[in-house]
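The block underneath contains the structure these notes are about, expressed in structure tokens.
The values are calculated or read from the model by the stated rules, or taken from the named source; none is laboratory data. Everything quoted here is computed from the prediction, not taken from an experiment. Backbone-built Cβ (ideal geometry, glycine too); neighbour counts: all protein chains shown.
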Amino acid sequence: MHQIIIIGSGPAGFTAAIYAARADLKPLLFASQIQVGGELMNTTEVENFPGFPEGIQGPDLMQKMQEQAERFGTEVVYDDITEVDFSGDIKKVTASDGTVHEAQAVIYATGSAYRKLNVPGEERLFGHGISSCATCDGFFFREKTIAVVGGGDSAMEEATFLTRFADKVYVIHRREELRASKIMQQRAFDNEKIEFVWNSAVAEVHGESGVTGVTLESTVDGSTSELEIEGLFVAIGNDPRTHLVHDKLELTAEGTIAVDGRSSRTSVAGVFAAGDVIDSSYRQAVTAAASGTVAALDAEHYIASLGG
Ligand code: NAP
């Protein structure tokens, strides 16, 4: 049996691992089978993580966090957890190969998943002209006219990044004011390849084997219009990844895992949660990392309280 199992390999998971490993708890960390490093693997330049005045690429930051966690003895398993059993004192998690792993404590740091538009054409064309990752797929849209949906930092970052490849990038936003930080807004406003389409929602995506256009619906008067594009990037936020624990841990009204005050303690003793999965407000790399620290310290105290 392990002392501590960490599920998730974003800033929360790896920071929890650094602290737990340095406390000699020999954490076993489940990274994903597909993408280790979480959401930051889909990002380009991270300019606001303290300690990197010149900025750092998201994947490089995650690589460094993993190295730091491994340096102190974290064991990283490249597999997904498909089932959890938190009912007893010994917590059990099942990996996709069917192996059951046991631990005294679990830190749940599964992050959040891209939100979908839920409009006709989206599912069919996802991966065929619709994407939620500009850094992964931007290259395919060289010299094309494309659109980004959303008004937050992600949408501004994606739109700005995509102008490296595309000839024109529309930003479709449902209001006439952006949610993004001022600096990201300004960067997008200053980019002459970006054109804003305000007060508009995507009602349908058209195309057979690739995207050919979208129907837009005005959020002011409901009128519709067509926009010809060859690619669509959806950047409308994320939802906490809680599907494995819906009936096992208490959730908040926002759908995040409920924790006790500023701690990481969930509704089940011995199960701690950290990062985007508990955070509907801040969701920054640095707040996720801090949250991972809290979870490791809480788990450490819990394990110590068990004695032996
Ligand atoms: P977000 O801040 O939640 O913004 C989501 C945007 O999508 C909002 O503008 C929202 O519109 C819009 N939206 C939501 N649901 C929609 C729907 N169904 N249809 C159309 N539009 C919809 O999400 P985010 O941009 O992914 O950012 C998440 C967090 O990560 C934020 O805290 C952000 O600061 C952070 N982040 C930081 C950086 C950076 O600093 N470099 C980069 C990326 C992300 P409304 O505005 O009308 O609600």
> Which residues, taken from segment 152-172, are over 13 Å from ILE194 (Cα atoms) and crowded, with 22+ Cβ neighbours inside 10 Å?
Replying inline: SER154
> Taking segment 219-236 as the region of interest, how many residues are exposed (fewer than 15 other Cβ atoms within 10 Å of the Cβ) and either farther than 17 Å from VAL148 by Cβ or within 15 Å of the ligand (Cβ to nearest atom) (or both)?
Replying inline: 8
> What is the residue count in segment 100-125 for residues that are surrounded by fewer than 24 Cβ atoms within 10 Å (Cβ to Cβ) and more than 18 Å from the chain's Cα centre (by Cα)?
Replying inline: 13
> Can you find even one residue in segment 121-140 that is touching a His at 6+ places or on another chain (Cβ under 8 Å) and among the aliphatic types (A, V, I, L, M)?
Replying inline: no
> For segment 266-278, does any single residue satisfy the condition of being surrounded by fewer than 23 Cβ atoms within 10 Å (Cβ to Cβ), under 18 Å from the mean Cα position of the chain (by Cα), within 16 Å of the ligand (Cβ to nearest atom) and within 18 Å of ALA12 (Cβ to Cβ)?
Replying inline: no
> With (1) in the same structural domain as PRO50 (by TED's automatic domain parsing); (2) more than 17 Å from the chain's Cα centre (by Cα); (3) within 16 Å of the ligand (Cβ to nearest atom) as the list, and THR256 as the residue in question, which single condition is left unmet?
Replying inline: (2)
> Quick one: what pairs do we get from segment 274-291, first residue closer than 16 Å to TYR114 by Cβ, second among the basic types (Lys, Arg) and near the ligand (Cβ under 8 Å from one of its atoms), C-beta under 8 Å, 6+ apart or different chains?
Replying inline: ASP276/ARG283
> Just to be sure, is VAL93 away from the ligand (no atom under 15 Å from the Cβ), outside any loop (DSSP other than H, G, I, E, B), within 29 Å of ILE236 (Cβ to Cβ) and in the same structural domain as ASP298 (by TED's automatic domain parsing)?
Replying inline: no
> When residues of segment 9-42 are filtered for being among the β-branched types (Val, Ile, Thr) and surrounded by fewer than 22 Cβ atoms within 10 Å (Cβ to Cβ), how many remain?
Replying inline: 2
